[in-house]
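The values are calculated or read from the model by the stated rules, or taken from the named source; none is laboratory data. All values reported here derive from a predicted model rather than from experimental measurement. So basically every Cβ, Gly included, is an ideal-geometry build from the backbone, and we count neighbours across all protein chains shown. Heavy atoms of the whole protein, side chains included, go into the accessibility calculation; ligands, DNA and RNA do not. Shrake-Rupley method; radii C 1.70, N 1.55, O 1.52, S 1.80 Å.
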Amino acid sequence: MPLPPALRHAATVLPVVALLALLALPLPAGDGSGGTPADAFSALVVCCALVHVVRSARRPLTRSAAVVVGLPVVGIAAAACASSSAATGVTGAARYLQVFVLVPAAVLVLIRDARQFRVLAWAFVGLALFQGALGVHQNLTGTGASYMGADIRAVGTFGPTDVMGMATVVSYGLIAALALAFRPDAPRQRAAALVCAGLLTVPLALSFSRGAWIATVAACGVVLLLAGLRHALRAALVGAAAGVVLVAGLGLGSQLLQDRLTSITDVTDAPDQSVTDRYAMWAASVDMWRDHPVTGVGLKGFPEHRDSHASLALSSGSDTAGAGAEFRRQPLLSPHNMYLLVLAEQGLIGLLTLAGSWLALLVCAVRGWTRVRPRRGRAGAGGEHAGGERAGGERGRGERAGGERLDCALAACGLLVWQLVDFMYADIGGPSTVLTAVALGGCAWWALRGASVREAGSGPAGPACGADSAFETDSACGSGSSYGVDVPRAVAGAR
């Protein structure tokens with residue numbers, strides 16, 4: 001029996017959606033350092049991408065895209081050679097390659113057009129709603145992770161050892177929903193996306209994650225500014241009013257939220273122990289880099305060199321409890337700053353290659369947004385998108401080709417900004433790490449491919465022929481064939 005057209009079209013991205021679904025499964029209690037079913041399934045996603053490339057018999061990426069995606073390999077390989085043991089180097093290299101090279105490249109290959117990208121974005125939203133609803137239930141029933149002596153911290157299925165897990169999932173979902181709210185010609189989906197974005201603010205607040213709050217505010221601000229200044233001002237007013245209502249309606253939790261918000265600005269005056277530990281580990285990371293400036297101390301070398309470089313202010317570990325787990329003293333194995341972790345373990349080579357790849361993705365994503373951003377038409381055009389309003393009410397060609405993918409550009413830019421800001425307060429580790437790899441892959445699709453691909457059925461016949469297209473075709477531009485994209489049908493009235 002043949003598959004429905006919609007399901008058949010989304011077939012290549014379904015393995016990635018299944019990978020996200022595995023993150024909704026509860027994990028057994030532990031220290032969070034072992035592998036998860038999602039990590040194992042990510043290898044299957046990479047295999048699916050390889051099969052897709054072989055079956056298509058075409059080169060999936062251009063040289064420039066391969067350089068951007070593969071750039072971190074240089075620093076990872078150098079740091080692996082500098083590790084204290086071969087086993088440590090191989091294990092660390094495998095993890096970094098999984099998160100920052102292999103899985104993102106697989107997601108980049110498996111996403112073919114804007115409709116599949118939206119399927120992935122809605123999968124982020126769905127996972128966030130599930131984890132967020134569980135987190136709110138944990139807060140209301142006192143079954144969450146321990147926070148200030150009470151089991152009220154929303155952590156979803158990730159447990160107290162990965163308190164950033166649910167916050168990351170909810171943040172991704174909120175940003176994706178906000179971006180999808182700007183999809184043209186889909187009023188029902190816009191309304192649903194706005195409702196989802198509003199609902200996800202509650203579990204995000206109850207996660208008590210200051211880093212996630214800061215990163216989400218920055219990312220949502222970027223999304224709104226790229227969507228238009230008018231939207232940004234309107235959303236700021238609505239957000240401020242909603243924040244007052246939510247905080248006032250949370251009852252007992254409102255004081256804890258206010259204290260947590262206040263602590264963001266008090267970290268230099270009266271920091272709590274968690275902030276003191278973070279500062280001590282940041283200083284230790286810089287000292288490690290000074291001793292090994294080029295290649296760092298080696299992959300997974302931070303715990304081994306921590307005590308010899310940290311000050312006496314560093315505690316022996318952090319306390320974790322609640323959410324079905326017993327009290328545990330969690331060792332401090334990373335500086336909770338991705339940039340400093342890379343600097344300490346991989347040196348300047350690793351930081352320049354890894355952060356350089358992320359920065360290149362952000363620059364390419366913003367360049368893609370410039371092609372689809374809303375533009376005001378001539379006087380009397382009513383502020384239409386690029387192309388203006390033609391006589392007879394037809395939209396211009398530029399609006400059809402670009403404006404319909406504005407939500408994709410906003411989602412990619414927002415997720416990248418969130419990740420780059422959050423890396424100042426967090427690093428990889430825990431069950432939610434594979435989610436970071438999927439998000440980077442989705443952003444890479446827009447930055448390296450999506451901005452140059454016309455959405456099937458949305459533009460005039462023939463594929464887009466951008467000079468910086470990250471995929472190659474067997475035919476010349478305008479021949480009506482492109483890698484992984486169905487031939488667009490002619491639009492009635494299109495020139």
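Observations on the model:
- Modelled spin labels at residue 274 and residue 348, positioned 7 Å past Cα toward Cβ, are 3.5 nm from each other.
- With a 1.4 Å probe rolled over the protein heavy atoms of all chains, the accessible area of 130, 423 falls in the order 130, 423, largest first.
- Sequence-distant contacts, meaning Cα pairs under 8 Å at least 6 residues apart, place the relative contact order of the stretch 141-194 at 19 percent.
- Percent carbon-and-sulfur accessible area, the stretch 146-212, ignoring ligands, DNA and RNA, probe 1.4 Å: 62
- Residue 182 long-range amide H proximity, modeled H, under 5 Å: none
- Gained length - residue 424 relative to residue 18, 0.36 nm times residue gap less alpha-carbon distance: 143.2 nm
- Using 0.36 nm per residue and subtracting the Cα-Cα separation, the extra length available between residue 290 and residue 55 on full extension is 79.8 nm.
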